[in-house]
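Contents: one structure, followed by commentary.
What follows is calculated from the coordinates using simple rules that are stated; it is not laboratory data. Because the structure is a prediction, the values reported are computed rather than measured. Backbone-built Cβ (ideal geometry, glycine too); neighbour counts: all protein chains shown.
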Ligand SMILES: NC(=O)c1ccc[n+]([C@@H]2O[C@H](COP(=O)([O-])OP(=O)(O)OC[C@H]3O[C@@H](n4cnc5c(N)ncnc54)[C@H](OP(=O)(O)O)[C@@H]3O)[C@@H](O)[C@H]2O)c1
């Protein structure tokens, strides 16, 4: 089968940073689906893994985790899916990735593809939807479908980095959970995109955030989702968040974080890491199957919209290198996708 991978971890400017490969089709284990990949999306984690300073891998390494495709074989313990089903998933970072014509994925972290989306639109969603859902509803403990009289309705949430892949779905999920969303974006086009997704207000993460919240009459927010540059934004949390409020971060810090300033207002900070359930085979890992099924249901009902912004071309090394270059700029909006395998399938 065709695949795209690496033999060495290299900067993206190097022509061999990502290369076209021919590899054997893998055999499913008991809980696995063998999926024919139709489209993949690119996330910052792909570029971070590719660019890491690690020893050369013993075997060529296939990256890529977001994908949509069709089930072509199932393992002996599979109960949720059958051959022919269209699926979408974000995979497991400890296994070979989805940048291949065929990939294996544990059925417990796979969802049925939204019927109203094509494969490219579906591939844009899973990794960011899992991250946003888990951050809001598992880590911050918000209700995904609050009752009409829930105190959550009308509470505020600040989403820092609202125009990126994760922000584009987090803003929608938070707004549909009755929250007043204040999203951050720094450019006119990303600010317009965040408004389109349902943010009540947009502020600029390159300016003083607290002053902008005060000018809007919002003041301290009830909840905070930090989707970018933890090193820079973490020290601002105590001033932005109400007493007893909780903030969730998703980007690993590079320098130690000082928790002391959170003590006075009894504020909390929690991490979301969307690969934790699959990486540690947690007893509740099938929660990702359930949430992807719920996201698909909401997409098909028109309650959520897709976040695909651009299909760059077919799935090959040249287009994947271009996708990594764009992701590394840190200023993409929504999601970039590659779809199909070109003329020589
Ligand atoms: N822990 C997890 O499970 C998990 C899961 C997914 C992603 N992540 C990580 O979370 C981060 C975001 O992922 P993503 O897919 O949303 O990335 P992305 O799509 O590349 O995010 C791009 C967005 O980030 C905004 N941005 C750039 N610099 C910023 C800053 N200093 N402060 C606030 N926003 C800034 C940009 O807005 P403007 O162009 O308007 O400036 C842009 O719209 C990445 O580091 C990724 O690796 C972690």
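With no solvent and one equal point scatterer placed on each C-alpha of the chain, evaluate the Debye formula and give log10 I(q)/I(0) for q = 0.13 Å⁻¹, two decimals. Debye output, listed in q order: -0.98. One decimal place: the segment residue 244-residue 53 gains 64.8 nm when fully extended, by the rule 0.36 nm per residue minus the C-alpha distance.
Please say if segment 86-141 is rounded, prolate or oblate, where rounded means a/c under 1.5 for a ≥ b ≥ c the square roots of the C-alpha gyration tensor eigenvalues, and otherwise the choice is prolate for a/b larger than b/c and oblate otherwise?
Details: a/c = 2.18, a/b = 1.31, b/c = 1.67.
Because a/c hits 1.5 or more and a/b fails to exceed b/c, segment 86-141 counts as oblate.
Counting only the Cα atoms, segment 11-115 fills a convex hull of 109 Å³ per residue. A full extension of the chain between residue 211 and residue 253 corresponds to an added length of 12.6 nm, given 0.36 nm per residue minus the alpha carbon distance.
Each of residue 143 and residue 187 was given a label point 7 Å from its Cα along the Cα-to-Cβ line. The distance between the two points is 3.9 nm. Rounded to 0.05, the FRET efficiency of the residue 150 and residue 196 pair, given R0 = 30 Å and the Cβ-Cβ distance, is 0.70. Taking a label point 7 Å from the Cα of residue 290 along the Cα→Cβ vector, which residues of segment 95-122 have an amide N closer than 19 Å to it? Only 106-113 pass the distance filter.
Separation of segment 304-318 and segment 180-236, taken as the distance between their Cα centroids, equals 26 angstrom. Sorted fewest first by neighbouring Cβ atoms within 10 angstrom, 9, 88 come out as 9, 88. Quick one: helix 317-328 against the long Cα principal axis of the chain, what's the angle to the nearest 10°, folded into 0 to 90? Once rounded, the angle reads 10 degrees. Each peptide among 122-131, 76-85 gets the average number of other Cβ atoms lying within 10 Å of its residues, and from highest to lowest they stand as 122-131, 76-85. Principal axis extents of the C-alpha atoms in segment 28-88 (largest first, rounded to whole Å): 40, 23, 15. Ordering 139, 95 from the fewest to the most neighbouring beta carbons within 10 Å gives 95, 139.
With the Cα gyration tensor of segment 188-313 giving a ≥ b ≥ c as the square roots of its eigenvalues, does the rule (a/c under 1.5 for rounded; else a/b larger than b/c for prolate; else oblate) give rounded, prolate or oblate? Display every interim value, and only then the final one.
Working: a/c = 1.86, a/b = 1.22, b/c = 1.52.
Here segment 188-313 falls in the oblate category.
Among 2, 48, 335, sorting on how many other beta-carbon atoms sit within 10 Å of each Cβ, with the fewest leading, yields 48, 2, 335.
Using all pairs of distinct alpha-carbon atoms, the Kirkwood hydrodynamic radius of segment 223-284 works out to 12.6 angstrom.
Shape of segment 130-271 from its Cα gyration tensor (a ≥ b ≥ c, root eigenvalues): rounded if a/c is under 1.5, otherwise prolate when a/b > b/c, or oblate? Please report the intermediate quantities before stating the final value.
Values: a/c = 1.32, a/b = 1.11, b/c = 1.20.
Rounded.
Mean residue ellipticity at 222 nm, helices only, the chain: -6500 deg cm²/dmol; runs of at least 4 DSSP H residues each add -39,500 (n - 2.57), and the sum is divided by the number of residues.
Shape annotation for segment 87-193: C-alpha extents along the principal axes are 45, 35, 29 Å, from largest to smallest.
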